[in-house]
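Colleague: Sharing a structure with you now.
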Amino acid sequence: MTTKIQEKFTQMSKKSVIILALLITGISMAQESKPQIPQITVTGEGKVKVTPDQAIVTVGFQNSGKDAKEVKQLNDEVVDKVIKFLKKSGIAASDYKTNNVSLNKSYDYEKKKYTFMANQTISITLKDLSKYDDIMMGLNDAGVNSIQGVEFKSSKMEEFEKEARKKAMLNAKQKATDYVSVLNQKIGKALLISDNSQVYYPQPMFKGNMMAMAAEADSSRETLAVGEIEINANVTVSFVLE
């Protein structure tokens, strides 16, 4: 009796395995035979040009000498003067920061002695570009002796980025429409959207010696060419073909 039960159970198990295998095969065949959705993939670009109303100015200063402590102290004095000047000029504490501080030791083989050089850079966000000349001259007086770079930006950057993204999507849609119209077809809904945008804004950059610029500066001159910055957005979109 027990043997017969075991035989029936074995037969039922074999049938279950066969049914399961048939089901899996059927599903696989259905998936393989599923027709692909006709689609077109294009890229779109959106550009927005704006006049900047802010600038991030990166300035630096350095001191050298034979004693490390003395060199660092000289740099600390410049930092103190710079911060006091910026506060006096109405620049908020959140709008300036130290980017880099270094103290290097080098050996002069001719003089056979060691020298130390301390460097420091500070970035300052100017939210009022009309203060540019006064700020730069004041920094020079405080001991800053080089400009590492000037980066122009807009206070409404997020709004302009949204506008650029919308233009990129419209550009992609128009491209797809142009392509399929030749075939007497239309585009449907978007299947996939990929953002290929890079956070980069073309901007004028320059470096220079603060002392030389101060010697040549004239308060009657316009010394800052703001120009325009270009905000770009780039997308890849796949549309259904109808």
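Colleague: Between Lys189 and Leu103, 0.36 nm times their residue separation minus their Cα-Cα distance comes to what?
Modeller: 25.0 nm
Colleague: Just for the Cα atoms in the stretch 89-201, what are the lengths along the principal axes, largest first, rounded to whole Å?
Modeller: Extents along the principal axes, in whole Å: 82, 41, 20.
Colleague: A follow-up question, please. Determine, from the Cβ-Cβ distance of Asp53 and Gln198 and an R0 of 30 Å, the FRET efficiency 1/(1 + (r/R0)^6), rounded to the nearest 0.05.
Modeller: 0.85
Colleague: Further, regarding this structure: Tell me the trypsin sites (Lys or Arg not before Pro) within the stretch 136-205 that lie in a loop according to DSSP and have at most 15 other beta-carbon atoms within 10 Å.
Modeller: When the trypsin sites (Lys or Arg not before Pro) of the stretch 136-205 are filtered for loop state and at most 15 Cβ neighbours within 10 Å, Lys156, Lys186 remain.
Colleague: Using Cα-Cα distances under 8 Å and only pairs 6 or more residues apart, what relative contact order does the stretch 54-153 have, in percent?
Modeller: Value for the stretch 54-153: 50 percent.
Colleague: Set the Förster distance to 35 Å, then compute FRET efficiency between Lys88 and Asp67 from the Cβ-Cβ distance, nearest 0.05.
Modeller: After rounding, the FRET efficiency stands at 0.65.
Colleague: Modelled label-to-label distance, Glu230 and Leu129, 7 Å Cα→beta-carbon offset: nm?
Modeller: Placing both labels 7 Å beyond Cα along the Cβ direction yields 1.8 nm.
Colleague: For the stretch 54-153, place one equal point scatterer on every Cα, skip the solvent, and apply the Debye formula. What is log10 of I(q)/I(0) at q = 0.14, 0.15, 0.21 Å⁻¹?
Modeller: -0.55, -0.61, -1.01
None of the figures in this text is laboratory data; all of them are computed from the coordinates on show. Keep in mind it's a predicted model, so treat the numbers as computed, not measured. Ideal geometry is used to build each Cβ from the backbone, glycine not excepted, and the neighbour counts take in all protein chains shown.
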